[in-house]
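The values are calculated or read from the model by the stated rules, or taken from the named source; none is laboratory data. In this text the structure is predicted, and so the values were computed from the model without any measurement. Quick reminder, even Gly has a Cβ in these numbers, built from the backbone with ideal geometry, and neighbours come from all protein chains shown. Note: accessible area is taken over every heavy atom of the protein model, side chains too, but ligands, DNA and RNA are not part of it. Shrake-Rupley method; radii C 1.70, N 1.55, O 1.52, S 1.80 Å.
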2 protein chains.
Amino acid sequence: METSHRNLTQQLVHELGKAIMQEKYPVGSSLPSEADLCSQYGISRTATREAVKMLTAKGLISSRPRQGIKVQAIKRWNLFDTDVLEWVLHGKPDLYMLRHFLQLRLALEPEAAYLAAQYADQEDLVQIEAALVRMKDATNGYDDTHEADIAFHQSVLSASGNPFFSQLKTFIATALKVNIRFTNRMIPVTLVEYQAHADIFEYIKNKQPQLAFDAALVTQKATLAIVNKQIEELEASTN
Amino acid sequence: METSHRNLTQQLVHELGKAIMQEKYPVGSSLPSEADLCSQYGISRTATREAVKMLTAKGLISSRPRQGIKVQAIKRWNLFDTDVLEWVLHGKPDLYMLRHFLQLRLALEPEAAYLAAQYADQEDLVQIEAALVRMKDATNGYDDTHEADIAFHQSVLSASGNPFFSQLKTFIATALKVNIRFTNRMIPVTLVEYQAHADIFEYIKNKQPQLAFDAALVTQKATLAIVNKQIEELEASTN
DNA sequence: AAAAATTAATTGTATTATAAATAGTATTGT
DNA sequence: ACAATACTATTTATAATACAATTAATTTTT
């Protein structure tokens, strides 16, 4: 995870962030005290406390005198924080979590495409098309499937011209990565999938918001339907 | 803003967070050095550094040796962080910002209503109905209009059963507050508005996702259309 | 048994010292 | 004159120590 270039505080932030996601420290439980963290990681209290403050800022923990450092309820976590999303990938694969990601994608991506068709400038279109070319190459095995896919969706978010949508790029990227974890093997982008993305690009380029919206919608609905079915089967087999 | 109960670190975090939003320290500019912050606020370097780390964790600033403490580009800000959203309310009112809020609400709220109609449990329904009663009372002047409105939308988000949607409660609340700033006076909830919310509740209660979605959609579209028109007129008058 | 006082554990803040990183400046070599 | 190098000074990063403030747990008092 390339932590060697980071300073001690940053390293500890990531160590603890990942450990919390891996439920080494479950919600409601206590982390080691400052003093114990210092000795366990062999660093000063200064660095330790700064790491604790950063995790506090991201909503993962709280610290109070005598009570110690406790993992907060998930509803307090800043789930849209870039670091938190990275750490989520270190947690257990969870089909329900995947569904949660897809439910929000279903809400976001069609509207992002709609806005992109309204507000994308020339540079935005260049970016989207570049990602599309990479996807095309990926169908032939010349580029990385998933990175190209991520780049496409992120460039559409940027093209929305809305900082809130842009901010959600990491969320979408993580959603795609979580999805990959459930389809273990490397699935090459099919021509059908490529065409769906190419259509969205065309609608954005031609400033046809409603068509872009609809095209993105069907894709998201199909993906969510698959996972909903998987969960249904899982729950049927469990009961 | 009730800072007296907070410790020194927290106070400084909020002071600087608000100052950044008020563009006292614009994007790209430097904050005072650690030493200067210490003397300006009369606190130790320990507390100062911990505040800087917390703002760094929220993406607002970065600090490097010799370069000092700089305000990051907005795309680095964690715009869905509860504190950041609170500080946004201390910035200048901005019609474009309002549109950005409404564009995301348009994406989120219909889907949240859809999910609520699928997954809301009894307790969720109780919460939504309680908020609805408060809105009804507000039409008669017996309760605070905006708080009741915020409570309604937040309870629907909770009822989605999706932690990502739940996390966006502060976002929606801030969006509503920003909206209020542009309609200066206290506008009482009209019976028409109340009925729109009551309809959504009925559809959620009766597990009719698509109807709940559509009902939420028309409301959001209408609100966004008003602001789009305002911006159009503004831009027409400017040119 | 209830209330009050005490104790002890833990984080909060302050201070001082030193290390590391780096932008800016000066020096050197060609 | 120019490029590469070395130096210097500024600022943050880390460490170590001391004490204050908070509060859970315990003990004492009533």
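Suppose we keep only residues that are more than 13 Å from DNA strand C (Cβ to nearest atom) and hydrophobic (A, V, I, L, M, F, W, C) within the stretch B:1-25. Which one would you say is modelled with the lowest pLDDT? Selected residue: B:Met1.
Restricting to the stretch A:47-60, name every residue that is touching a strand residue (DSSP E or B) at 6+ places or on another chain (Cβ under 7 Å) and either aromatic (Phe, Trp, Tyr) or within 16 Å of DNA strand D (Cβ to nearest atom) (or both). Those that are touching a strand residue (DSSP E or B) at 6+ places or on another chain (Cβ under 7 Å) and either aromatic (Phe, Trp, Tyr) or within 16 Å of DNA strand D (Cβ to nearest atom) (or both): A:Val52, A:Leu55, A:Thr56. With the requirement that a residue be within 14 Å of chain A (Cβ to nearest Cβ) and farther than 21 Å from A:Ser63 by Cβ, what does the stretch B:31-56 give you? Once the filter is applied, which keeps residues that are within 14 Å of chain A (Cβ to nearest Cβ) and farther than 21 Å from A:Ser63 by Cβ, the stretch B:31-56 yields only B:Glu34.
Looking at the stretch A:62-78, which of the residues that are within 16 Å of DNA strand C (Cβ to nearest atom) and surrounded by 14 or more Cβ atoms within 10 Å (Cβ to Cβ) is nearest to A:Ala173 (Cα to Cα)?
Restricting attention to the stretch A:62-78, the residues satisfying the condition of being within 16 Å of DNA strand C (Cβ to nearest atom) are A:62-72, A:76.
Now restrict to residues that are surrounded by 14 or more Cβ atoms within 10 Å (Cβ to Cβ): A:62-63, A:68-72, A:76.
On the way: A:Ser62: 28, A:Ser63: 31, A:Gly68: 34, A:Ile69: 31, A:Lys70: 29, A:Val71: 26, A:Gln72: 25, A:Arg76: 22 Å.
Result: A:Arg76.
When the criteria are applied in full, A:Ala116 meets the requirement of being farther than 30 Å from A:Cys38 by Cβ, more than 8 Å from chain B (Cβ to nearest Cβ) and surrounded by 18 or more Cβ atoms within 10 Å (Cβ to Cβ).
No other residue among B:Ser39, B:Ser44, B:Ser63, B:Ser29 is touching a strand residue (DSSP E or B) at 6+ places or on another chain (Cβ under 6 Å), within 12 Å of DNA strand D (Cβ to nearest atom) and either small (Gly, Ala, Ser) or under 17 Å from A:Arg49 (Cβ atoms) (or both) apart from B:Ser63.
Could you pull out the residue among A:Ala116, A:Ala73, A:Ala112 that is in contact with a Phe, Trp or Tyr (Cβ under 6 Å, 6 or more places away or on another chain) and at pLDDT 95 or above?
Working: A:Ala116 fails: in contact with a Phe, Trp or Tyr (Cβ under 6 Å, 6 or more places away or on another chain); A:Ala73 fails: in contact with a Phe, Trp or Tyr (Cβ under 6 Å, 6 or more places away or on another chain).
Every option except A:Ala112 fails the conditions.
Within the stretch B:79-90, the residues that satisfy the criterion of being outside any helix (DSSP H, G or I) and either more than 13 Å from the chain's Cα centre (by Cα) or surrounded by 16 or more Cβ atoms within 10 Å (Cβ to Cβ) (or both) are B:Leu79, B:Phe80, B:Asp81.
Let's see how each residue does on (1) β-branched (Val, Ile, Thr); (2) open to solvent by less than 10 Å² (accessible area, probe 1.4 Å); (3) within 12 Å of another protein chain (Cβ to nearest Cβ); (4) under 13 Å from the mean Cα position of the chain (by Cα):
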site	(1), (2), (3), (4)
B:Pro110	no, yes, yes, no
B:Asp144	no, no, no, no
B:His153	no, no, no, yes
B:Ser158	no, no, yes, no
B:Thr170	yes, no, yes, yes
B:Thr183	yes, no, no, no
B:Val192	yes, no, no, no
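Scanning the stretch B:4-26 for residues that are in contact with a helix residue (DSSP H, G or I) (Cβ under 6 Å, 6 or more places away or on another chain) and away from DNA strand D (no atom under 14 Å from the Cβ) yields B:Val13, B:Gly17, B:Lys18, B:Met21. Here A:Thr219 meets the list (1) within 16 Å of the chain's Cα centre (by Cα); (2) buried (at least 16 other Cβ atoms within 10 Å of the Cβ) almost entirely, failing just condition (1).
Test B:Arg105 against the criterion of being assigned to a helix (DSSP H, G or I), buried (at least 20 other Cβ atoms within 10 Å of the Cβ) and of a type in the set (Lys, Arg), and give yes or no.
On the way: assigned to a helix (DSSP H, G or I): yes; buried (at least 20 other Cβ atoms within 10 Å of the Cβ): yes; of a type in the set (Lys, Arg): yes.
The answer is yes for B:Arg105.
From the list B:Gly28, B:Gly59, the one residue that fits, being part of a loop (DSSP other than H, G, I, E, B) and either more than 10 Å from every other protein chain (Cβ to nearest Cβ) or within 11 Å of DNA strand C (Cβ to nearest atom) (or both), is B:Gly28.
Could you check the stretch B:30-46 and list, in sequence order, the residues that are of a type in the set (A, V, I, L, M, F, W, C) and surrounded by fewer than 20 Cβ atoms within 10 Å (Cβ to Cβ)? Those that are of a type in the set (A, V, I, L, M, F, W, C) and surrounded by fewer than 20 Cβ atoms within 10 Å (Cβ to Cβ): B:Ala35, B:Cys38, B:Ile43.
Only a single item in (1) within 22 Å of A:Gln127 (Cβ to Cβ); (2) surrounded by fewer than 20 Cβ atoms within 10 Å (Cβ to Cβ) is not met by A:Ile231, and it is number (1).
Looking only at the stretch B:62-78, filter to residues that are touching a residue at least 40 places away in the same chain (Cβ under 8 Å) and in a loop (DSSP other than H, G, I, E, B); which one of those is farthest from B:Glu15 (Cα to Cα)?
Filtering the stretch B:62-78 for residues touching a residue at least 40 places away in the same chain (Cβ under 8 Å) gives B:70-74.
Adding the requirement that they be in a loop (DSSP other than H, G, I, E, B) leaves B:72-73.
Details: B:Gln72: 17, B:Ala73: 19 Å.
Only one residue fits best here, namely B:Ala73.
Yes or no: the stretch B:16-24 includes at least one residue that is more than 10 Å from chain A (Cβ to nearest Cβ), under 27 Å from A:Val84 (Cβ atoms), more than 23 Å from the chain's Cα centre (by Cα) and without any contact (Cβ under 8 Å) to a residue 40 or more places away in the chain.
Looking only at the stretch B:16-24, we keep the residues that are more than 10 Å from chain A (Cβ to nearest Cβ), and these are B:16-24.
Now drop any that are not under 27 Å from A:Val84 (Cβ atoms), which leaves B:16-21.
Adding the requirement that they be more than 23 Å from the chain's Cα centre (by Cα) leaves none.
Looking through the stretch B:16-24, none of the residues is more than 10 Å from chain A (Cβ to nearest Cβ), under 27 Å from A:Val84 (Cβ atoms), more than 23 Å from the chain's Cα centre (by Cα) and without any contact (Cβ under 8 Å) to a residue 40 or more places away in the chain.
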